[in-house]
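The values are calculated or read from the model by the stated rules, or taken from the named source; none is laboratory data. Every value quoted in this text rests on a predicted model; they were computed, and no experiment measured them. Glycine also receives a Cβ, built like all others from the backbone with ideal geometry; neighbour counts cover every protein chain displayed.
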């Protein structure tokens with residue numbers, strides 16, 4: 001069997017085994033199966049990756065013909081090119097680590113096997129998503145990860161709050177999927193195909209009108225927003241933190257929420273001819289980055305801080321896509337997977353040590369008792385804040401530079417992105433200070449049992465922190481490359497599929513070559529911004545704590561607005577209430593009554609009337625019956641006379 | 001017109017008179033008699049045809065009509081007696097068993 | 001002469017049939033019916049089909065009508081049908097009764113194909129008729145006797161059932 005198919009089917013096999021008989025197997029067996037499958041997938045992906053690194057020839061694997069109809073053909077086919085290679089490595093690599101971590105984290109849970117079954121199922125669908133060769137395969141994976149996300153968010157289903165969080169995630173996703181499907185319809189209408197390569201080549205010749213291209217772009221954006229928790233479909237992500245922490249790490253940080261970015265990159269051929277859609281993507285991404293960062297400032301739940309941080313970072317990735325820097329977006333996706341997973345797993349270690357406590361107001365001074373967690377969390381936060389030489393600096397900086405220099409780019413976008421970075425550093429270190437430093441606010445009953453997790457947890461944390469520190473060097477920005485005299489392997493690898501490309505018909509500051517001074521200046525500014533955020537956080541939450549409370553008091557309405565999530569939830573609730581009202585008062589009371597009368601009762605009455613009319617013929621009078629016979633006979637004779 | 005045409009028309013008129021009687025009279029026994037009138041009209045038409053074409057077939061047919069009439073009257077009278085016993089009247093309007 | 005007889009007896013037949021419908025008492029209707037059947041027999045005699053004329057009297061008048069008179073004697077009762085002779089179907093029945101002869105009159109009259117075979121009025125004498133009848137229609141005759149038997153038996157059963165139930 002071909003390696004690609006194996007990569008896809010191994011997690012599914014793990015799901016079947018753990019799902020069907022896992023509850024009867026010992027925990028060790030379940031763990032080995034569950035962690036072994038992603039590890040094997042990673043090994044296979046690595047071997048395929050080395051192959052494609054050298055040959056640069058994509059691997060295609062056709063499984064079977066799904067639909068064969070005159071004019072509409074869909075193959076179930078897998079495609080492994082540079083983008084898929086990168087995504088697969090991230091998914092399987094980080095996935096394996098998170099599986100191993102989960103063995104320690106969920107060791108006391110009674111649904112151990114079910115958890116790993118669902119996790120493997122998620123992996124299967126995510127791989128289907130990134131390996132699919134056409135929009136149908138991608139969509140199958142898209143929907144599948146939605147299901148896996150729902151199952152895992154509501155994993156502890158006895159709690160109705162958690163199940164409703166899962167439902168919310170799925171339903172908001174569905175709203176986005178409508179956009180996706182409509183986009184698929186429009187694409188098919190023009191290109192007569194759903195295969196990615198064919199779509200990109202079809203739209204490359206520029207025959208379709210710009211308005212149509214913009215329409216497709218916007219519809220695809222809606223789909224991506226639903227899956228990647230961008231405004232306005234972001235409302236599910238904070239609630240999704242109800243699931244187990246490794247789930248949040250895997251699905252809602254590293255892999256599933258990045259599927260939107262993957263979609264945009266895959267169909268870059270469409271977007272490059274839709275300048276209007278690109279602008280919307282860029283500004284939407286910038287808005288999400290800013291709003292997500294502001295909402296992270298006011299949260300007290302540690303995981304929700306990280307959730308808003310994820311939303312904000314993906315906003316930055318969308319911003320990069322919107323200005324044509326797809327490779328920068330993908331590099332940030334790559335680095336973000338590592339440090340965000342490390343952050344979530346670190347939070348998981350804290351929650352595990354505190355036996356379920358998630359509120360930062362009940363933490364403090366944990367640094368002495370959880371040293372490994374502190375160090376790894378710190379490294380990952382520095383990476384997230386964009387401090388060199390950690391990974392986040394290089395990827396974020398590339399995005400900031402593209403926000404200025406790319407097509408649709410402007411100083412305004414750069415400014416918004418920089419402000420979000422500042423806020424990111426600020427709230428991340430606020431979280432660190434509240435959790436690890438200061439005096440302990442931990443409730444007395446939990447004080448005694450605080451200790452580091454088992455080796456499976458700590459080992460993964462160390463590994464991920466190491467990656468967060470080092471992978472940045474795979475994609476150095478332009479000026480640094482020149483200074484150090486090295487190339488950027490990451491960008492070179494992706495170059496045959498995506499480069500820094502021109503968007504047709506859009507403006508922007510196209511600064512090539514001699515703009516290195518400006519770029520270096522921007523780099524310097526972002527370092528300053530990051531350190532300023534860290535310093536301010538230290539000031540507000542460590543040195544002068546009363547300033548934090550004063551600002552909060554003075555902010556008043558602004559604080560309420562931000563901490564309530566800009567009232568998006570309230571708005572959606574109003575919409576739902578309105579639809580409910582229409583259904584109840586208008587449809588049920590007025591329309592349905594009229595319909596019942598016209599469609600149900602009226603024919604009923606007329607049939608009854610007719611049948612009574614006919615039954616009156618059978619009056620019981622014998623002489624009447626005789627007459628009927630003879631009238632009929634007379635008519636027959638008449639007909640015979642006339643037609644003979 | 002010649003006699004045959006007249007006789008056929010006569011048969012038709014007698015037949016319709018019999019039909020009229022069946023439909024119109026309320027007394028059960030009179031209705032039976034009007035049935036006999038109808039049968040007679042049929043016999044008349046057969047005889048006219050036999051006479052006209054000078055074959056025996058028409059005349060033979062009348063015999064079978066007589067047989068049918070005899071059987072019919074025997075059975076019919078028995079049924080009439082039973083019906084009248086059941087409904088205690090000869091009035092056809094009271095015999096509503098076939099209603100609905 | 002023949003025409004006169006046919007006209008006479010034809011009118012008589014119609015007259016007596018109308019009387020059957022119109023008179024109030026069943027006994028008088030029965031008598032009118034007897035007269036109607038006798039006039040029909042006279043028509044048959046005029047046409048020289050004496051066999052059928054004889055049998056008309058024998059079977060209809062003496063057997064059928066006597067049977068009917070017995071039943072009238074058994075059942076006649078001055079009930080509602082005595083006061084109100086006619087049912088509510090008078091007008092529809094009148095229309096139908098007019099339409100049937102009119103449509104028969106309008107039927108196309110094609111008599112050219114008929115060829116009278118040899119043999120004149122002697123054809124319908126008893127001897128000739130009996131000979132023809134037995135030669136060609138003996139089977140139908142047997143069938144008719146069986147039918148008669150069945151009729152008698154059915155009448156017997158019906159009365160017996162009716163008496164028991």
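Miscellaneous remarks
- Assessment of region C:50-68 against the conditions (modelled with pLDDT under 85 and more than 7 Å from every other protein chain (Cβ to nearest Cβ)) yields no matching residue.
- The single residue among C:97, C:30, C:93 that is touching a helix residue (DSSP H, G or I) at 6+ places or on another chain (Cβ under 7 Å), over 29 Å from residue A:641 (Cα atoms) and part of a helix (DSSP H, G or I) turns out to be C:30.
- Per this entry, residue B:47 is not counted among residues that are more than 7 Å from chain C (Cβ to nearest Cβ), in contact (Cβ under 8 Å) with a residue 12 or more places away in the chain and part of a helix (DSSP H, G or I).
- Residue B:7 satisfies every condition listed in (1) over 19 Å from residue C:66 (Cβ atoms); (2) surrounded by fewer than 21 Cβ atoms within 10 Å (Cβ to Cβ); (3) away from chain A (no Cβ under 14 Å) except (2).
- Number of the exception - residue B:65 against (1) within 23 Å of residue C:99 (Cβ to Cβ); (2) more than 7 Å from chain C (Cβ to nearest Cβ); (3) at pLDDT 90 or above: (1)
- Filter pass, residue A:468 being at pLDDT 90 or above and within 24 Å of the chain's Cα centre (by Cα): no
- Residue in region A:248-262 that is without any contact (Cβ under 8 Å) to a residue 60 or more places away in the chain and either touching a helix residue (DSSP H, G or I) at 6+ places or on another chain (Cβ under 8 Å) or assigned to a loop (DSSP other than H, G, I, E, B) (or both) present: yes
- Hey, residue A:374 over 23 Å from the mean Cα position of the chain (by Cα), under 24 Å from residue A:304 (Cβ atoms) and either part of a loop (DSSP other than H, G, I, E, B) or at pLDDT below 90 (or both) or not: no
- Of the residues making up region B:53-62, those that are assigned to a helix (DSSP H, G or I) and within 7 Å of another protein chain (Cβ to nearest Cβ) are B:53, B:59, B:60, B:62.
- Test set (1) closer than 16 Å to residue B:36 by Cβ; (2) within 7 Å of another protein chain (Cβ to nearest Cβ) - residue C:97 fails condition number: (1)
- Among (1) surrounded by 11 or more Cβ atoms within 10 Å (Cβ to Cβ); (2) touching a helix residue (DSSP H, G or I) at 6+ places or on another chain (Cβ under 9 Å); (3) within 14 Å of chain B (Cβ to nearest Cβ), the one test that residue A:567 misses: (3)
- Screening region B:80-100 for residues that are assigned to a loop (DSSP other than H, G, I, E, B), out of contact with any strand residue (DSSP E or B) (no Cβ under 7 Å at 6 or more places or on another chain) and buried (at least 16 other Cβ atoms within 10 Å of the Cβ) and picking the one that is nearest to the other protein chains (Cβ to nearest Cβ) gives B:89.
- Residues within region C:69-90 that are modelled with pLDDT under 85, within 9 Å of another protein chain (Cβ to nearest Cβ) and part of a helix (DSSP H, G or I), tallied: 3
- Qualifying residue in region B:20-41 (condition: within 7 Å of chain C (Cβ to nearest Cβ), within 29 Å of residue C:136 (Cβ to Cβ) and buried (at least 18 other Cβ atoms within 10 Å of the Cβ)): yes
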